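Remarks on the structure that follows.
Read the figures in this text as sums done on the coordinates, not as results from a lab. Predicted, not measured: the structure shown is a model, and the values here were computed from it. Using ideal geometry, Cβ is built from the backbone for each residue, glycine included, and neighbour counts are taken over all protein chains shown.
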Amino acid sequence: MAKLLTIAIPTYNRAELLDKQLAWLAKAIKGLESNCEIIISDNCSSDNTQEVIKKWEQHFLELPFKVNKNLTNIGVMRNIAYCINAASSEYLWMVGDDDPIQERTLGYVLENLKQHPELSLLTLNFSCRYQPTGELIYSRCFDIEHEEINADGKTVFQRCLEENHSGIGFLTAQVYKTEVIQNALKHWSSSVNNMEAQVYWVGYCAAHGSVKVTKETYLESAFGSSYWMREPKTLLRMQYIDLPTIYAKIEEIGYPKKYCRSLIINHFVHNNWRVFFGALKRWPLIAINTILPYLSLVTNSVLQMVFLPKNVENSA
């Protein structure tokens with residue numbers, strides 16, 4: 001019989017952080033083992049990640065504990081995709097190896113999944129801290145007054161995306177119905193090439209069932225600790241290709257065209273162009289090849305909004 005929840009931890013070269021996360025999990029899962037399975041996917045770490053996994057494996061003997069180590073580093077999004085496809089429970093919670101989670105959170109998640117099988121997405125509210133300095137950036141990501149199950153998942157997603165798109169893209173905050181997120185990955189298989197794919201996966205799940213966003217916070221985003229966040233070329237691509245592409249792709253799964261095009265235009269208006277001009281000085285060819293398709297997408301969106309307002313407004 002399938003378990004209720006898969007807890008998957010994609011990791012790479014952060015053995016010390018993984019050790020802390022597995023310590024949290026070993027404590028939080030006590031008495032709840034029958035509902036869960038655990039997957040750890042090591043993206044070919046060169047540190048002592050495997051030693052840490054073996055150390056904690058003995059603490060999870062009462063439930064399925066699956067370990068994968070990729071033969072090479074396949075990239076962060078493909079490692080996450082492995083976890084999606086490997087999950088065999090009804091729901092999937094992918095946990096970042098560096099994100100502090102309250103001990104009560106796992107019990108809260110399981111109780112909600114049991115009580116509300118109609119959920120395709122459970123979003124856990126969270127605080128955000130800049131890891132290098134310890135500064136609290138915000139105490140609550142989503143301003144929720146009334147916590148409820150909402151059958152109109154698209155509206156919830158749109159509201160949350162407008163409020164804080166980074167929150168929608170935060171891995172550890174999302175609990176998915178496994179079948180739905182696996183379908184999302186099949187629907188756009190090349191999303192593994194997009195560093196903002198999490199936003200698309202959340203939008204897909206929200207469009208295919210009921211959604212709940214918690215009022216209280218249950219975890220913290222450790223912003224600034226990811227190694228790929230410090231890669232200038234990766235950030236350039238994320239800002240000018242990956243995220244705008246997501247805004248265009250969610251239109252294909254039923255979000256209003258006018259809404260999606262307005263996201264692209266607002267992205268252009270409020271963009272931090274210092275990222276582009278800095279890249280232009282350092283890697284002119286890469287910067288130009290990045291910006292041209294972005295400008296084409298923005299131009300197309302403006303033309304649709306200006307010259308086809310009725311068609312755009314009435315289409316989904």
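Points worth noting:
- Residue-wise HN-Hα couplings along segment 120-130, as the Karplus relation 6.51 cos²θ - 1.76 cosθ + 1.60 with θ = phi - 60° gives them from phi, are 9, 7, 10, 9, 8, 5, 8, 9, 9, 10, 7 Hz; Gly and Pro carry x.
- For GluC sites (Glu not before Pro), the sites in segment 109-203 that DSSP calls loop and that have at most 13 other Cβ atoms within 10 Å are Glu118, Glu145, Glu147, Glu148.
- Divide the volume of the convex hull around the Cα atoms of segment 156-311 by the residue count and you get 127 Å³ per residue.
- Filter on Lys66/Lys154; Lys30/Lys55; Lys177/Lys215; Lys114/Lys154; Lys69/Lys186 - keep pairs with C-alpha separation over 26 Å: Lys66/Lys154
- Alpha carbon centroid spacing (whole Å) that separates segment 185-263 from segment 134-167: 14
- Taking a ≥ b ≥ c as the square roots of the eigenvalues of the alpha-carbon gyration tensor, segment 5-227 is classed rounded because a/c is under 1.5.
- Aspartates and glutamates whose Cα lies under 18 Å from that of Lys3, excluding same-chain neighbours fewer than 8 positions away: Glu33, Glu37, Glu62, Glu90, Glu111, Glu118, Glu179
- Of the three principal axes defined by the Cα atoms of segment 231-314, the extents in descending order read 44, 23, 19 Å.
- Cα gyration tensor shape for segment 89-175, rounded if a/c is under 1.5, else prolate or oblate: oblate
- Theoretical ellipticity at 222 nm over the chain - DSSP helices of four or more residues, -39500 (n - 2.57) apiece, nearest 500: -14000 deg cm²/dmol
- Lysine pair count for segment 231-314 with Cα-Cα distance under 26 Å and sequence separation of 8 or more or different chains is 7.
- The C-alpha atoms of the chain define a longest principal axis, and helix 153-163 lies at about 70 degrees to it.
- For segment 1-127, the Stokes-Einstein estimate of translational diffusion at 25 °C and a viscosity of 0.890 mPa s comes to 165 µm²/s, using the Kirkwood hydrodynamic radius over alpha-carbon pairs.
- Within segment 18-91, GluC sites (Glu not before Pro) in DSSP loop having at most 12 other beta-carbon neighbours inside 10 Å: Glu62
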